[in-house]
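Shown next, in structure tokens, is the structure this report addresses.
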Amino acid sequence: MLRKLLVSATIATAISTTIGSIGLVSADTSSIDKPECIAPAKPGGGFDLTCRVAQSGLASQFSKPMQVTFMPGGVGAVAISLFNTTRTDDSNAIVAFSSGSLLNMATGKYGEFGEKDVRFVATAGADFGAVVVKADSDYQTLDDLMAALQKDVGSIAIGAGGGVGSQDWMKGALLVKSRDLDPKSMRYVAFDGGGEAIAALLGGSIQAYMGDVGELVSYVGGDKLRVLAVMSPERLETPFTDIPTTKELGYDGAEWVILRGFYMGKDVPDEDYNAWADAFKAAYETEEFSQIQKDKGLLPLNMAGDELQADVLLRVERMRGVAREAGLIQ
């Protein structure tokens, strides 16, 4: 037992020394005295999960435990309103958001408040879109599918687990738009969730499915479905290493990141905003944070501070452009 303790202590010291030597063991968060994560929904679900990633993943970055507060209402509308009125400069609080939140901002569903009314501080992780067909489909590659769509964009039934204007619809819209096709002409079939859409694909009711990578792990390498491409910026890890990205295949703009992250009030001092961003950057370098992402079903997409702010602004503008072209907004 003593030998095990000594070995563990030696390893821990070595790791601490190594990480500390490059300045990543912890960030200066002394100005944050009551860390809090706002989940803009009831307990359970994606926003709760997002806050739990921060609560666990940043435990070593703060002197006090992070509190998780639930603030349901309008799928984030109540929270963004509060952080644009009474809590615009609250340095202690971060608010969970998702790609769905960004789509709401792009389409004006948060009223007067949009992406420029908050400061995006860090990501918790991500999932990615995927283009899927049956294993025995005539469309062996994404180019095959897109060639057929270019001949007649309405000839192929594309399905997903969400209605027109949803995140799932947006994946298909971005894909056809990458070849200058009109998203409004897309033959889109909405289902009540991904499971129902996959069943329809296997049953032949639709010819292509716009899914999420996370739900497809068990199908990769099997005899039921073929993933033609993933909508990630770079190739993913096992079991998706052999599947090309839409980007590398030349479909510019056809990326879809199901992003989970956090924003703060727009009047938070730079010092405190940077403290949070640095805390996340430090956490990203640890095996513990990576394991938390895996445990929560997220893939690593680690961005914080100015890098994330710039990325989100571009992402929302692209969503807004597609929504406008499709007639969803004026």
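The values are calculated or read from the model by the stated rules, or taken from the named source; none is laboratory data. All figures in this text were calculated on a predicted structure; none of them were measured in a lab. Neighbour counts run over all protein chains shown; Cβ positions are idealised from the backbone, glycine included.
When Ile206 is tested against (1) farther than 23 Å from Asp152 by Cβ; (2) β-branched (Val, Ile, Thr); (3) outside any helix (DSSP H, G or I), only condition (1) is not met.
For segment 209-251, a tally of residues being of a type outside the set (D, E, K, R), farther than 21 Å from Gly154 by Cα and over 20 Å from the mean Cα position of the chain (by Cα) returns 8. Pairs linking a residue in segment 128-141 that is in a loop (DSSP other than H, G, I, E, B) to a residue that is among the polar types (S, T, N, Q), with Cβ atoms under 8 Å and 6 or more positions apart or on different chains, are Ser137/Gln207; Tyr139/Gln207.
Please determine, by comparing only the residues of segment 164-195 that are acidic (Asp, Glu) and either modelled with pLDDT of 90 or more or under 18 Å from the mean Cα position of the chain (by Cα) (or both), which one is nearest to Arg324 (Cα to Cα). Checked segment 164-195; the qualifying residue nearest to Arg324 (Cα to Cα) is Asp182. At least 3 residues being more than 19 Å from the chain's Cα centre (by Cα) and at pLDDT 95 or above is the threshold, and among the strands (runs of 3 or more DSSP E) wholly inside segment 21-98 those reaching it are 67-70. With respect to the conditions (1) under 14 Å from Ala54 (Cβ atoms); (2) in contact with an Asp or Glu (Cβ under 9 Å, 6 or more places away or on another chain); (3) not aromatic (Phe, Trp, Tyr), Gly261 falls short on a single one, namely (2). The listed residues are Asp223, Asp252, and the only one of them that is assigned to a loop (DSSP other than H, G, I, E, B) and in the same structural domain as Gly161 (by TED's automatic domain parsing) turns out to be Asp223.
Among the residues of segment 255-307, what is the count of those that are basic (Lys, Arg), closer than 22 Å to Gly211 by Cβ and either assigned to a loop (DSSP other than H, G, I, E, B) or in contact (Cβ under 8 Å) with a residue 24 or more places away in the chain (or both)? Here the count works out to 2.
Take the conditions under 25 Å from Trp169 (Cα atoms), crowded, with 23+ Cβ neighbours inside 10 Å and of a type outside the set (Gly, Ala, Ser) and apply them to Phe47. Does it pass? Considered against the rule, which asks whether it is under 25 Å from Trp169 (Cα atoms), crowded, with 23+ Cβ neighbours inside 10 Å and of a type outside the set (Gly, Ala, Ser), Phe47 comes out as yes. The single condition from (1) at pLDDT below 90; (2) out of contact with any helix residue (DSSP H, G or I) (no Cβ under 7 Å at 6 or more places or on another chain); (3) charged (D, E, K, R) that Glu325 fails is (2). The residues on offer are Gly194, Gly221, Gly162, and the sole one that is farther than 27 Å from Phe120 by Cα and touching a helix residue (DSSP H, G or I) at 6+ places or on another chain (Cβ under 7 Å) is Gly194. Checking each residue in segment 30-44 for being surrounded by 13 or more Cβ atoms within 10 Å (Cβ to Cβ) and either outside the structural domain of Leu58 (by TED's automatic domain parsing) or among the acidic types (Asp, Glu) (or both) picks out only Glu36. The set of residues from segment 151-163 being within 21 Å of Gly327 (Cα to Cα) and either assigned to a helix (DSSP H, G or I) or under 21 Å from the mean Cα position of the chain (by Cα) (or both) comprises Gly159, Ala160, Gly161, Gly162, Gly163. The condition (being aliphatic (A, V, I, L, M), without any contact (Cβ under 8 Å) to a residue 12 or more places away in the chain and not assigned by TED's automatic domain parsing to the domain that holds Leu298) is satisfied by just one residue among Ala199, Ala190, Ala173, Ala208: Ala199.
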